[in-house]
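Working notes, structure below.
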Amino acid sequence: MEGLSVAMKSATSKGIFDGIGIPISVSSLSHLLYVDDALFLGEWSKRNIANLARILRCFYVSSGLKVNFNKSKVYGIGVPNHEIINWAIPLGCEPASLPFTYLGVLVGMNMNRMASWSAIVDKLKAKLSAWKEKNLSFGGRVTLAKAVLGSIPTYYLSIFYAPDWCHKFA
């Protein structure tokens, strides 16, 4: 994955792939990699799609690591669905729409709305389900509650800004 990251950085710096511009910065974001999971971000253009396909093909030839396009998806923000379908074909990916989950986080949701936080609340409830409570000692229940009630909100609040209505629950 380090090789793919270097290839994407090089392609972005040479103008072969146009990433997403970062406000108040001259740099752009073209990819996020975590273990064997990759997310490519770029301007919506046929040139970018074709060049991404070429970069991934070169990566396969040089490393022997092939992208599983059957598991891959193409998302477009503010573009018609028929365009997403047409542009997913050159990559051999499935067209999809927002929101989607990446590393357990919903991407494309308006996190200022209460409904967007319901998935997080549901995740907390699932971790603290009643059957676990019956099988644990009092100390075990306290440890589970501290772990769940500490780590999950910390993870999400490190990614998203907490809306004003959220502060009244703290």
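Looking at the range 34-45, can you tell me whether even one residue there is modelled with pLDDT under 90, part of a strand (DSSP E or B) and open to solvent by 70 Å² or more (accessible area, probe 1.4 Å)? Scanning the range 34-45, I find at least one residue that is modelled with pLDDT under 90, part of a strand (DSSP E or B) and open to solvent by 70 Å² or more (accessible area, probe 1.4 Å), so the answer is yes.
Going through (1) farther than 21 Å from Ser97 by Cβ; (2) in contact (Cβ under 8 Å) with a residue 24 or more places away in the chain; (3) in a helix (DSSP H, G or I); (4) not aromatic (Phe, Trp, Tyr) one by one, Ile16 falls short only on (3).
Ser129 meets all of the listed conditions (1) modelled with pLDDT of 75 or more; (2) open to solvent by less than 50 Å² (accessible area, probe 1.4 Å); (3) over 30 Å from Val67 (Cα atoms) but one, namely (1). Screening the range 46-72 for residues that are over 24 Å from Glu2 (Cβ atoms) and open to solvent by 40 Å² or more (accessible area, probe 1.4 Å) and picking the one that is modelled with the highest pLDDT gives Arg47. The residue pairs whose first member lies in the range 132-158 and is more than 24 Å from Asn112 (Cβ to Cβ) and among the hydrophobic types (A, V, I, L, M, F, W, C), whose second member is assigned to a helix (DSSP H, G or I) and open to solvent by less than 100 Å² (accessible area, probe 1.4 Å), and whose beta carbons are closer than 6 Å, counting only pairs six or more residues apart or on different chains, are Val148/Lys127.
The values are calculated or read from the model by the stated rules, or taken from the named source; none is laboratory data. Worth saying up front: this structure is predicted, and the values here are computed from it rather than measured. Quick reminder, even Gly has a Cβ in these numbers, built from the backbone with ideal geometry, and neighbours come from all protein chains shown. Ligands, DNA and RNA are excluded from the accessible area calculation, which covers all protein heavy atoms including side chains. Shrake-Rupley method; radii C 1.70, N 1.55, O 1.52, S 1.80 Å.
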